[in-house]
């Protein structure tokens, strides 16, 4: 089974516990938490009270994606809130190696995200400190956007980089994911796909998760 991280940004926050229960009981790998500050991206999502509420119900990994400026101000707080995987943006971290090292030091898996216009090659040095690379297949800030087709090429480039350097980081893709492009992405080398609208707008969210997860299985583990 391919790994699916369910974006809770698309859940009904009036029934958050029910949404968490559905993810727990589904084939999903984990919970994807989109943290937006209204500065790096033109939207604000949620903060620590909601993260802690989700953590109190979650029985699977919490995978946080920080779309924020100065993310290092809160690394310790994210760890305390229950985050297992913490991903920061290349575009907001001028000292990326140090950020990834600090996230790992705190006991979390460290990820780095790339905006659609950011080339994969810019990670040539920092990639040694990363447990995960997140390819944004839409411009970050809002759910429900159309998948950017050039993301296939970026995933393939990352998979080649991983093989050439004999590394074991996971490749995650977020934005416009559905069961059709999921199959192609897994074949290109993606390990974890993030799905939000596709899941929560479905009549059967658990089945929607399963349709992505069953597209193909992946051998990479971390």
Semi-axes a, b, c in Å (a largest) for the chain, each sqrt of 5 times a Cα gyration tensor eigenvalue, come to 23, 21, 16
As a test of the definition: which semi-axes, in Å, follow for the range 41-111 when you take the square root of five times each eigenvalue of its alpha carbon gyration tensor? Largest first, please. 20, 15, 9
Computed over the range 1-148, the relative contact order (Cα-Cα under 8 Å, seq sep at least six) in percent reads 18
Report, in deg cm²/dmol and to the nearest 500, the calculated mean residue ellipticity at 222 nm for the chain, where each DSSP H run with n ≥ 4 adds -39500 (n - 2.57) and the sum is divided by the residue count. -9500 deg cm²/dmol
The rounded separation in angstrom of the Cα centers of the range 108-158 and the range 191-216 is 20
Mind sorting 136, 108 by how few other Cβ atoms lie within 10 Å of their own Cβ, fewest first? 108, 136
Proxy reagent accessibility, fewest Cβ within 10 Å first, across 215, 10: 10, 215
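Each reported figure results from applying straightforward, stated rules to the coordinates on display, with no laboratory input. Computed from a predicted model, the values in this text were never measured in an experiment. Glycine gets a Cβ as well: all are built from the backbone with ideal geometry, and neighbour counts include every protein chain shown.
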